[in-house]
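Novice: So that we are looking at the same thing, I have put the structure below in structure tokens.
Values quoted throughout were computed directly from the atomic coordinates according to the rules given, and no laboratory measurement underlies them. For clarity, every value in this text was computed on a predicted model and none was experimentally measured.
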Amino acid sequence: MARHVRNGLMIGAMALALVSCGGRESLKPVAGQKLPAVPVGAATAPTAADMMDPGTQARPERNVELLTQSRQRGNDEFDLPPESRPQQ
């Protein structure tokens with residue numbers, strides 16, 4: 001019983017340590033390091049907010065065109081019933 005309590009406390013302590021290590025401050029470049037290069041064709045370097053905003057290719061808009069008319073399915077030559085006895 002005491003071992004279960006101790007294991008629970010250890011897991012709780014590790015979870016608390018993991019949660020507390022995340023920072024809430026805005027990121028800043030490390031002193032002495034260069035910022036990323038300006039992309040080809042761009043007039044200025046993108047800001048951190050610009051880079052965090054997913055583009056259209058990353059999150060395309062949803063196409064919600066509904067099926068408006070039912071159609072009869074065509075003949076499918078590969079839609080075969082299963083074999084009665086599997087070959088061995």
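Novice: Considering the values (1) 29.0, 73; (2) 14.5, 49; (3) 17.2, 66, which represents Rg and Dmax of the Cα atoms in Å as calculated for the structure under consideration?
Specialist: (1)
Novice: Could you tell me, in Å, what Rg and Dmax come out for the Cα atoms of the stretch 1-48?
Specialist: Cα radius of gyration and Dmax of the stretch 1-48 are 21.4, 65 Å respectively.
Novice: Round to the nearest 10 and give me the degree value, 0 to 90, for the angle of helix 2-20's Cα axis relative to the longest principal axis of the chain.
Specialist: Compared with the principal axis, the helix lies near 80 degrees.
Novice: Which of these, 49, 37, 15, has the largest mean-square fluctuation under a Gaussian network model of the chain (Cα springs below 10 Å)?
Specialist: Highest fluctuation among the options: 15.
Novice: Also: How much mean residue ellipticity at 222 nm does the chain get from its helices, if each DSSP H run of length 4 or more adds -39500 (n - 2.57) and you divide by all residues, to the nearest 500 deg cm²/dmol?
Specialist: Counting only the DSSP helices, I get -8500 deg cm²/dmol.
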